[in-house]
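These notes are about the structure you will find just below.
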Amino acid sequence: PERVDIVNFGAGPSALPTSILEEAAKGLLNYRNTGIGLTELSHRSKEFGTLTKHLESLIREQLEVPSNYHIAFTQGGGSGQFSAVVLNLLARHRLLNPNVTDEERVMDYVVTGSWSKKASEEAKRLGGGKVNVVVDGRTYSKTGKAFDNIPPHDKWAFSPKPAFVYYCENETVDGVQFSHEEGSAQAFPFHLTDPSVPIVADYSSSFMSRPIPRLKDHALIYAGAQKNIGPSGLTILIIRDDLLVDTDAAAKLGAAPVPITLVYKTLADSGSLYNTPPMFPMYVSELVLERMKNSGGLQRLEEANRRKATLLYDTLDEAEKKGLVKVKVQPGSKSWMNATFELVGEGAEQKFLEGAEAKGFKQLKGHR
Ligand code: PLP
């Protein structure tokens, strides 16, 4: 088949428009009339500096990121950030609270799906503080086992003064997403948090799909590019000023030393040029976000995504009434990005996937 025959439902790496890939291909041969391909330019060249600034401004403008936040581009993916968050924020906490012991140092994890669970496990593995699970979505699920909801706010148990609070905005495996409607029971309960405690959000699978509500209440937002805006290899960080701490000074007080390429201050102070950033993924992301801006920006995309999600879930609800499918996630917590459902009946899933394949619908089969 040709690209035009296929509808790609893969949850990542992102399915990119052909026109963007064609433009990127041109840039690989001859980047903006330099006679040199993009990946052959120095990452310290004027041209790449312009690209980096433009990419940053496309994100800053569309997400309305205030000037006390740095936008950094790095490698290592979402999983790299599972570790970087712990190391940087425990170092910060150590500098602010030199007399607090590791036993008393707490990291608050909101566990609403597989990815936040995995992040909390990395925090436990690295140590330097204790992990408090603020709430575990499985406790409030239909089956008692699966992640299928954003739990009721009155069940959330934050620690009094944690080093940080961590959550994952969209759970890619489970199809559970926080609501962005102000006052919703499934919105993140900022009103229950202490404003002096940094809030960290993993936006890997919903980045640039709609605006980020209460961005200013976050200390750090991070995302891998590969779900929505470009090829894998690029991680985007939106870091508030007060997270740029001297991790070496913290290490002298007993904190774990932080590998230099993970230090937020290093990334921000160097303008993402401490080491070579992922140039090609940044280039494609620039093309994608430019196209997004020119076609009405994030607000328009949010409306389109709302319509798509409504149409899809309405269709699934109808099919559920007919006994054809089971929608896994509870109302209010259903992801706009990745819908999870099961086909009912022996062999039904296989039949559905074969029928979909025949119509050019690829990569519909996701996680179990
Ligand atoms: N966080 C979320 C929400 C994800 O969906 C993923 C990957 O699918 C990750 C983190 C891990 O990202 P990476 O594969 O870039 O390490």
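A few remarks follow.
- Charged-residue dipole, Cβ positions (Lys, Arg, Asp, Glu), the chain about Cα centre, Debye nearest 20: 200 debye
- Kyte-Doolittle mean at least -0.5, axial Cα span of 20 Å or more - DSSP H helices of the chain: 77-96, 279-294
- Per-residue Cβ neighbour rank within 10 angstrom, fewest leading, Asp202, Asp102: Asp102, Asp202
- Selection from Val329, Leu312, Leu298, by position along the positive dipole direction of the stretch 297-362 (Cβ): Leu298
- Cβ-based exposure ranking for Ile212, Ile6, Ile260, in which fewest neighbours within 10 Å come first: Ile260, Ile6, Ile212
- The chain - share of DSSP beta bridges that are antiparallel (%, nearest 5): 45 percent
- Contour excess over end-to-end distance, with Cα ends at Glu103 and Arg291 and 0.36 nm allotted per residue: 62.8 nm
- By the count of other C-beta atoms within 10 Å, a proxy for reagent exposure, Ser67, Ser295, Ser14 are ordered fewest to most as Ser67, Ser295, Ser14.
- Cleavage-rule hits, trypsin sites (Lys or Arg not before Pro), the stretch 36-73, DSSP coil, Cβ neighbours within 10 Å at most 12: Arg44
- Taking the helices alone, the chain has a mean residue ellipticity at 222 nm of -11000 deg cm²/dmol, built from -39,500 (n - 2.57) per DSSP H run of at least 4 residues and averaged over all its residues.
- Under 15 Å from the Lys142 label point (7 Å along Cα→beta-carbon), backbone N, the stretch 316-342: 316-335, 339-342
- Order by protection proxy (mean Cβ within 10 Å, highest first), peptides 315-326, 237-248: 237-248, 315-326
- Under 5 Å from the amide H of Val329 lie the amide H atoms of Thr340, each residue being 5 or more positions distant or on a separate chain, with H modelled from the backbone and absent for Pro and chain starts.
- Those GluC sites (Glu not before Pro) in the stretch 46-146 that DSSP places in a loop and that have at most 12 other beta carbons within 10 Å: Glu64, Glu103, Glu104
- Subtracting the Cα-Cα distance of Asn275 and Glu122 from 0.36 nm times their residue separation leaves 52.6 nm of extension gain.
- Positive-end residue, the chain charge dipole about Cα centroid, Cβ charges, pick of Asn275, Leu237, Leu95: Asn275
- Cut-off 14 Å, label 7 Å out along Cα→Cβ of Leu253, residues of the stretch 55-94 by amide N: 88-94
- Shape analysis of the chain places it in the oblate category; the axes a ≥ b ≥ c from the Cα gyration tensor give an a/c of at least 1.5, with a/b not above b/c.
- Global geometry of the stretch 297-362, whether rounded, prolate or oblate, following the gyration tensor of its Cα atoms and the 1.5 cut on a/c: oblate
- Shape call, the stretch 10-64: gyration tensor on alpha carbons, a/c limit 1.5: oblate
Values quoted throughout were computed directly from the atomic coordinates according to the rules given, and no laboratory measurement underlies them. If you're wondering where the values come from, they're calculated on a predicted model, not measured in any experiment. Please note: Cβ atoms are built from the backbone with ideal geometry, for glycine as well, and neighbour counts cover all protein chains shown.
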